[in-house]
Amino acid sequence: MTITWEAAGWEQLAAGVGRWRLPRWDCTAGLVVGGSAVLLIDAGSSLAEGARLRAAAEARTGHRVTRLALTHPHFDHVFGAAAFAGAEVYAAVGVDAVLSQARDREELRADAVANGLDAAAAEEASDALPRVRHAVSGEWTLDLGGGRQVLLANVGPGHTAHDLAVLVPGDVSGGPEVVFCGDLVEESGEPQAGPDAVPSRWPDALDRLLALGGEDARYVPGHGAVVDAGFVRAQRDSLATRFGVSR
């Protein structure tokens, strides 16, 4: 038995497509339901948060999550990944190295603790990070069954060296295209540029994002409310000015 999007805690964006604004860091997780597979986009900031997402996804769909796409390797998007045992994990080329090397895992753990995650929860999550089974270097089409396909696109670098976007095409009834942007786009605050950001390439990544979704898509930021193409263009121009990137 399944329940409605809203009753399960999700915000419905289109037919078979939803998102969850997670508390504390206002981080987005996305859900795409196909005829034979369920895709989750980002996994939350801890194993406990990942488990809550898993339960909410199963409550909505009646099935377990079978695909997991990680938009970039920051703790608030990946530390819940081990809660999805058996799911096929997709990410941009280079993410697997970040999640599997001890030094990089330690940096993720330290960043999580510095941002307020409980130290024990951070250590547990960093130790349990799964391997990325499928590294996306260009574009990768996932068939979720029942006529539902999604496109994974390596559009970075920008916010990090390894930024993945997920395009869910509109349906035959005229429903909108939905683009999950990761932290290439942020609505609830200024885009964050940490030591792993590539500011000189970030505006170009947003150009690729806009080309992917087009003018009428719904763009889902890594943090904050859903936005339109005009917002993404404005943020692109702001980033270019902020980082002195010639357009």
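The values are calculated or read from the model by the stated rules, or taken from the named source; none is laboratory data. Quick caveat, the model's predicted, so the values are computed rather than measured. Positions of Cβ are backbone-derived with ideal geometry, glycine not excepted, and every protein chain shown enters the neighbour counts. Side chains included, ligands, DNA and RNA excluded: accessible areas come from the protein's heavy atoms. Shrake-Rupley method; radii C 1.70, N 1.55, O 1.52, S 1.80 Å.
May I ask you to list the residues in the stretch 131-157 that are assigned to a loop (DSSP other than H, G, I, E, B) and closer than 14 Å to G94 by Cα?
Here is the first cut: in the stretch 131-157, the ones assigned to a loop (DSSP other than H, G, I, E, B) are 131-133, 137-138, 146-147, 155-157.
Answer for the stretch 131-157, where residues must be assigned to a loop (DSSP other than H, G, I, E, B) and closer than 14 Å to G94 by Cα: R131, V132, R133, S137, G138, V155, G156, P157.
If we scan the stretch 224-242, do we find a residue that is farther than 19 Å from F180 by Cα, open to solvent by 30 Å² or more (accessible area, probe 1.4 Å) and among the charged types (D, E, K, R)?
Within the stretch 224-242 (the criterion being farther than 19 Å from F180 by Cα, open to solvent by 30 Å² or more (accessible area, probe 1.4 Å) and among the charged types (D, E, K, R)), the answer is yes, since at least one residue qualifies.
Please specify each residue of the stretch 226-238 satisfying the condition of being of a type outside the set (D, E) and over 20 Å from the mean Cα position of the chain (by Cα).
Of the stretch 226-238, the ones of a type outside the set (D, E) are 226-227, 229-236, 238.
Listed by number, the residues that qualify are G230, A234, S238.
Which residue, of V150, V168, is in contact with a Leu (Cβ under 6 Å, 6 or more places away or on another chain), open to solvent by less than 30 Å² (accessible area, probe 1.4 Å) and within 16 Å of G18 (Cβ to Cβ)?
V150
Consider the stretch 194-223. How many of its residues are open to solvent by 40 Å² or more (accessible area, probe 1.4 Å) and small (G, A, S)?
Matching residues across the stretch 194-223 total 2.
Limited to the stretch 57-91, what total is found for residues that are touching a Pro at 6+ places or on another chain (Cβ under 9 Å) and closer than 17 Å to A153 by Cβ?
Total satisfying the criteria: 3.
Restricting the stretch 58-97 to residues that are crowded, with 19+ Cβ neighbours inside 10 Å and touching a Lys or Arg at 6+ places or on another chain (Cβ under 8 Å), which is nearest to E6 (Cα to Cα)?
V65
Somewhere in the stretch 222-234, is a residue assigned to a helix (DSSP H, G or I), without any contact (Cβ under 8 Å) to a residue 60 or more places away in the chain and of a type in the set (D, E, K, R)?
Taking the stretch 222-234 first, the residues assigned to a helix (DSSP H, G or I) are 229-234.
With the extra rule that they be without any contact (Cβ under 8 Å) to a residue 60 or more places away in the chain, the set shrinks to 229-234.
Still in the running and of a type in the set (D, E, K, R): 233.
Looking for residues that are assigned to a helix (DSSP H, G or I), without any contact (Cβ under 8 Å) to a residue 60 or more places away in the chain and of a type in the set (D, E, K, R), one finds at least one in the stretch 222-234, hence yes.
Does A193 meet the test of being outside any loop (DSSP other than H, G, I, E, B) and farther than 19 Å from A43 by Cα?
Working: outside any loop (DSSP other than H, G, I, E, B): no; farther than 19 Å from A43 by Cα: yes.
Taking the combined requirement at face value, the residue does not satisfy it.
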